[in-house]
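One structure coming up, written as structure tokens, with questions to follow.
The values are calculated or read from the model by the stated rules, or taken from the named source; none is laboratory data. Because the structure is a prediction, the values reported are computed rather than measured. Ideal geometry is used to build each Cβ from the backbone, glycine not excepted, and the neighbour counts take in all protein chains shown.
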Amino acid sequence: MPTDREIIVLCLLAVIIWTVRRFFLSPNIIRLIPGPKCTSWLYGHMPQLLLSEEYGEHEFQWQEKYGQVYSIKGCFGEPRLMISDPETAKYIINNSDLFVFGPSHQKIANVLFGRGSVFLARGETHRRLRGIMNPSFSANNVRALLPIIQEIGRKLVDRWDSLGFPGTTVDISPTLHGAALEVMGNAILEYPFNVLTGQSDLAQIQKKMVDSAANPTKLGKLFEAALPYIPDVLFRLAFKLPTKTVRMFQEYHRITDNLSRDLAEQNRADRAPGKAKGFIDGFVNDGGVTDQEIGVHLRTILFAGQDTTGVTLGWILYKLAQMPGFQQDLRQEIQLSNLTESSDYNNMPFLNAIINARTQAIDTEALRMYCAFPLSERTVTEDCVLPLSRPITTITGAQISAIPVRKGQCLYLAIASFNRLNSIWGPDAEEFRPSRWFDKPPRTGISLGPHPSGLAFLGGPGVCLGWRLAILELQVLVAELVGKFVLSLPDNDSVRARLAINLTPATADGVQQLPLHIEHVS
């Protein structure tokens, strides 16, 4: 929580920002695009968009009323765009150098990961880093990882038993995140984190890091809005102060830097002709990457691969607990299947209705409705024109078929809204209905990303590196758990989706957890 002095500094920054925008920036067309009425110049629409008790309770109503492109206000009255228009979304994801993460997110990412993360890289640097990482997540490599993921699935089942889950109602989230971290360690880094079988310093510090950033507040949103106006040198100095949060960041970097050096040294020692090239091997053999820089990329994939998959797995199990009939059909399918190849999982209709439609590597119904990143904030790096799939009417009554935007304009790629468009999914777009994946086709309109069903993995040059691994991981872990346990909702179930870095399950009192009742399959 900021101190009174910090709040005063924020207010002064707000006055400066307001003065600059009021007297030095001329009006632009964004102000003419319809959108919801704003009642707070200081906070704008940020509390309704980002801090609502259940994510989307305002956003989805705004889309229904104002359409696929509308304007909202950020903190200090900053005009922003909300975009779920398919044509506009395609333009944004295919031009990743033109639409980048905003300065606030860049500063936070540089502190969290270190400078040089693939998330922030552009141009040739981005292409080089992706070229190093891509082989680890190729289709062939992911298929070869099946035995490792299956073994982790069995360890997860054993962990539930050893913790006494059967016969109780318990928060399953920590174990799901632990399994996701185990997959990243064993399958990608070739290093056992032992999260499910013992204590892991990395798992503990990573959880603290996520928890510290997963409680957004109104003051926190003001701080993010002020970040672009704080000189980098001052921001870096702030993270050298002897505070509890800074010490946690320093400890996380120490643990992961030591791990990256150990992995690099082990890779050099174990290098042999004909050995398959792994994630660390790609960096060790790239002349432009130091051992210190490997730590940046290690932290990047750990955050990208653990939290997103962990929360998605949780939502899948939660929805199965809501649908006992479908859960039983899935369990019978699992028990009758011979799951020895990755293709065997693709040939399970009930599993793939909730995980991965039919035999295609595409979005799941859970990913469609509960995508880990429901909103992607971007900043325009140079003046450009946004295409629209259909004209919109401005507040003056004029119709426009494209939107000119200036360098520095902030916009949101509204992924969760896109995944609920009636024009794509039909009149039941707001309904969680796995059986839609038995329909041919389950959707209409243009396809974006590596699959035709949604934007959960984004697309274009910035497509999620590990989307194939995520799909297989979800398939295997769901099959292992549902094959052994019956999941049901507790009588006092109050779980809802809240935005806390990812789309996180939380109870009515705001606690981030996912309590389910667990029983052994009889």
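Please report, ordered by residue number, the helices (runs of 4 or more DSSP H) entirely within segment 410-507 with at least 3 residues that are at pLDDT 90 or above and farther than 25 Å from F119 by Cβ. Steps first, please.
Numbers: elements: 415-418, 422-425, 467-484.
Qualifying helices (runs of 4 or more DSSP H): 467-484.
Among the residues of segment 424-449, how many are in contact (Cβ under 8 Å) with a residue 40 or more places away in the chain and hydroxyl-bearing (S, T, Y)?
Adding up the residues that qualify gives 1.
Which residues, taken from segment 72-98, are in contact with a Phe, Trp or Tyr (Cβ under 6 Å, 6 or more places away or on another chain) and part of a loop (DSSP other than H, G, I, E, B)?
S84
Something else: So how many residues does segment 158-199 have that are in contact with a Ser or Thr (Cβ under 6 Å, 6 or more places away or on another chain) and part of a helix (DSSP H, G or I)?
From segment 158-199, those in contact with a Ser or Thr (Cβ under 6 Å, 6 or more places away or on another chain) are 159, 180, 188, 193-194; that's our starting set.
Next, from what is left, pick out any that are part of a helix (DSSP H, G or I): 159, 180, 188.
Total satisfying the criteria: 3.
Restricting to segment 48-64, count the residues that are at positive phi and of a type in the set (F, W, Y). Before the answer, list the steps.
Narrowing segment 48-64 to residues at positive phi: 56.
If we keep only those that are of a type in the set (F, W, Y) too, we end up with none.
Counting residues in segment 48-64 that are at positive phi and of a type in the set (F, W, Y) gives 0.
Among the candidates I17, I29, I33, which residue alone is in contact with a Ser or Thr (Cβ under 7 Å, 6 or more places away or on another chain) and at pLDDT 55 or above?
Working: I17 fails: in contact with a Ser or Thr (Cβ under 7 Å, 6 or more places away or on another chain); I29 fails: in contact with a Ser or Thr (Cβ under 7 Å, 6 or more places away or on another chain).
Among I17, I29, I33, only I33 is in contact with a Ser or Thr (Cβ under 7 Å, 6 or more places away or on another chain) and at pLDDT 55 or above.
With respect to L375, determine if the residue is at pLDDT below 95, under 22 Å from V183 (Cβ atoms) and not β-branched (V, I, T). Give the steps one after another, and end with the answer.
On the way: at pLDDT below 95: yes; under 22 Å from V183 (Cβ atoms): no; not β-branched (V, I, T): yes.
Answer is no for this residue.
If you go through segment 216-225 one residue at a time, do you hit one that is farther than 30 Å from Y43 by Cα and of a type in the set (F, W, Y)?
Of segment 216-225, the ones farther than 30 Å from Y43 by Cα are none.
For segment 216-225, residues farther than 30 Å from Y43 by Cα and of a type in the set (F, W, Y): absent.
Quick check on segment 99-110. Is at least one of its residues over 29 Å from Q250 (Cα atoms) and either touching a residue at least 24 places away in the same chain (Cβ under 8 Å) or not aliphatic (A, V, I, L, M) (or both)? Steps first, please.
Residues of segment 99-110 that are over 29 Å from Q250 (Cα atoms), as a first pass: 99.
The next check asks that each one be either touching a residue at least 24 places away in the same chain (Cβ under 8 Å) or not aliphatic (A, V, I, L, M) (or both); those that pass are 99.
Looking through segment 99-110, at least one residue is over 29 Å from Q250 (Cα atoms) and either touching a residue at least 24 places away in the same chain (Cβ under 8 Å) or not aliphatic (A, V, I, L, M) (or both).
May I pose another question? Going by what's in this entry, would W41 be described as part of a loop (DSSP other than H, G, I, E, B), touching a residue at least 24 places away in the same chain (Cβ under 8 Å) and not charged (D, E, K, R)? Steps first, answer last, please.
Details: part of a loop (DSSP other than H, G, I, E, B): yes; touching a residue at least 24 places away in the same chain (Cβ under 8 Å): yes; not charged (D, E, K, R): yes.
Here the answer is yes, as W41 does meet what is asked.
Give the number of residues within segment 99-120 that are over 20 Å from I501 (Cβ atoms) and either of a type in the set (A, V, I, L, M) or in a helix (DSSP H, G or I) (or both). Before you say what the answer is, go through the steps one by one.
Residues of segment 99-120 that are over 20 Å from I501 (Cβ atoms), as a first pass: 99, 115-116.
Keeping just the survivors that are either of a type in the set (A, V, I, L, M) or in a helix (DSSP H, G or I) (or both) gives none.
Of the residues in segment 99-120, 0 are over 20 Å from I501 (Cβ atoms) and either of a type in the set (A, V, I, L, M) or in a helix (DSSP H, G or I) (or both).
Would a scan of segment 429-436 turn up a residue that is under 16 Å from D85 (Cα atoms) and either surrounded by 13 or more Cβ atoms within 10 Å (Cβ to Cβ) or of a type outside the set (K, R) (or both)? Full working, then the answer.
First pass over segment 429-436, keeping only residues under 16 Å from D85 (Cα atoms): 429.
From what's left, either surrounded by 13 or more Cβ atoms within 10 Å (Cβ to Cβ) or of a type outside the set (K, R) (or both): 429.
Yes; the residues of segment 429-436 include at least one that is under 16 Å from D85 (Cα atoms) and either surrounded by 13 or more Cβ atoms within 10 Å (Cβ to Cβ) or of a type outside the set (K, R) (or both).
Could you check segment 50-70 and list, in sequence order, the residues that are touching a strand residue (DSSP E or B) at 6+ places or on another chain (Cβ under 7 Å) and part of a helix (DSSP H, G or I)?
L50, W62
Every residue in segment 239-265 that is in contact with a Phe, Trp or Tyr (Cβ under 7 Å, 6 or more places away or on another chain), in a helix (DSSP H, G or I) and farther than 17 Å from D211 by Cα, please. Give the steps one after another, and end with the answer.
Kept after step one, since they are in contact with a Phe, Trp or Tyr (Cβ under 7 Å, 6 or more places away or on another chain), are these residues of segment 239-265: 239, 246, 249, 263.
Filter again for in a helix (DSSP H, G or I), leaving 246, 249, 263.
Matches in segment 239-265: L263 only.
I would also like to ask the following. Consider N215 against the criteria (1) assigned to a helix (DSSP H, G or I); (2) of a type outside the set (A, V, I, L, M, F, W, C); (3) in contact (Cβ under 8 Å) with a residue 60 or more places away in the chain: it satisfies all of them except one. Which criterion is unmet?
(1)
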